[in-house]
Amino acid sequence: MDSGTHFVMGIALGGLALVDPVVADHSMTFTAVMAGTIIGSQSPDVDTVLKLRNNAVYIRHHRGITHSLPAVALWPILITAVLALIIQDANVFHLWLWTFFAVALHVFVDIFNAYGTQALRPFSRRWVALGVINTFDPIIFTLHCLGILLWAFGANPVWTFSIMYLIIIVYYILRFAVQKAVKNAVHNTIQDEEYVIVAPTMRFLHWRIAAKSKTHYYVGRAYGRTVNIYDKFEIKPLPKTPLIEIALKDRNLAAFVSFSPLYRWEISELDNGLTEVRLIDLRYRSDNRYPFVAVAHLNDDNEIITSYTGWIFTEDKLQKKLQVGASN
């Protein structure tokens, strides 16, 4: 989920912690727990700072080790230790317990996004992504804001947030049902598909579709059970040439390949004598464009002159990014 949703989840969990008599009857413990649930709800996303290095590092590691099983255990201990030094009268065990709930909830809800997490590390590096909730879901965010507002106006936080989470659980179940219906509709439309990605959007009945058959890639949208295929690409394996082998070892292209399960490629000769290798993720079609790409420019000696991976919505911006990479 996005940072804003995780933040309101932290507040809601802090309010729900008042069901615990130790928290409810001790103001300093409640203060520490509220701080712990808010900080704990954000802590796994500390890896967002990897963007400061480059997109390749961020793509490879975001929602990786910081969302792993060891991290879920270590974050609450670290946060509790710091808060216990600041708020010394707080009950340490109950502070740790509710902070642990906040961290675990963060990782758990991220599993339901299309991006997913490596939540099973160190036992598996497989990305766990159920793809039923958009990274920002307006319904989930609004329900949390409404619950916090009701609490601010005097509503019982335990009952308010308990009812809210029951509603959200029902909402998740409905999302799974709609996703299953969309997958069935995709099967009826394409029929020979081998692999289908049905990704949510901010609209309840609108879903992104990317599918693969033995011979083609399909990209489209679904509205309920109505499927519209916008693009169809013939599957062509990447050429096994020295140029491609070197390009795929580039950090930007390697990060892209590790992240993207469905992509097509383009190889073109540029006016300046360089060769461009471009990989295009098929999952994120927007306004007739595919904005998530990886690009490398190589010279006649198969040396990489510049490369880039990330979200680009105009060709001019992409070329500027590549020029910056070449200058570095």
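The values are calculated or read from the model by the stated rules, or taken from the named source; none is laboratory data. Everything numeric in this text was worked out from a predicted model, so none of it was measured. Counting neighbours? That spans all protein chains shown, and the Cβs are built from the backbone with ideal geometry, glycine included. Side chains are part of the model used for accessible areas, which takes the heavy atoms of the whole protein and leaves out ligands, DNA and RNA. Shrake-Rupley method; radii C 1.70, N 1.55, O 1.52, S 1.80 Å.
For this structure, a couple of remarks:
- Net charge dipole size for the chain [Lys, Arg +1 and Asp, Glu -1 on Cβ; Debye, nearest 20]: 680 debye
- Taking the Cα centre of the stretch 156-245 as reference, the dipole from Cβ charges on Lys and Arg (+1) and Asp and Glu (-1) amounts to some 160 debye.
- Using θ = phi - 60° and Karplus 6.51 cos²θ - 1.76 cosθ + 1.60, couplings along the stretch 171-176 (whole Hz; Gly, Pro as x): 4, 4, 4, 5, 4, 4
- Probing with 1.4 Å while keeping every protein chain in the model, the per residue accessible area of the stretch 157-197 equals 58 Å².
- The stretch 268-328, Cα convex hull volume normalised per residue, Å³: 85 Å³
- Accessible solvent surface per residue of the stretch 1-148, calculated while the other protein chains remain in place, 1.4 angstrom probe, Å²: 44 Å²
- Accessible surface area normalised per residue over the stretch 222-318 is 55 Å², counting heavy atoms of protein chains with a 1.4 Å rolling probe.
- Carbon and sulfur %, accessible surface of the chain computed with the full protein complex present, 1.4 Å: 62 percent
- Set of lysines near LYS214 by C-alpha distance (under 16 Å), chain-local residues within fewer than 8 positions excluded: LYS232, LYS236
- For the chain, fraction of C-alpha pairs farther apart than 25 Å, in %: 60 percent
- Placing unit charges on each Cβ (+1 for Lys and Arg, -1 for Asp and Glu) gives the stretch 252-328 a dipole about its Cα centre, and among PRO261, LEU298, GLY273 the Cα reaching farthest toward its positive end belongs to PRO261.
- With a cut-off of 19 Å on the backbone N, the residues of the stretch 183-201 near the modelled label site 7 Å out from LYS214 along Cα-Cβ are 187-196.
- In degrees, nearest ten, helix 92-110 long axis to first principal axis of the chain (Cα): 30 degrees
- Radius 9 Å from Cβ of TRP265, net charge of other residues (Lys, Arg +1; Asp, Glu -1): +2
- Spacing of the two label points (7 Å from each Cα toward its C-beta) at ARG203 and PHE93, in nm: 5.2 nm
- For the peptides 33-42, 296-305, 112-121, 200-209, the ranking by packing is 33-42, 112-121, 200-209, 296-305, with the highest mean count of neighbouring Cβ atoms within 10 Å listed first.
- Take the Kirkwood radius over Cα pairs of the stretch 178-328, plug it into Stokes-Einstein at 20 °C and 1.002 mPa s, and you get 129 µm²/s for translational diffusion.
- Where labels lie 7 Å past Cα in the beta-carbon direction, separation of LEU146 and THR314 in nm: 3.9 nm
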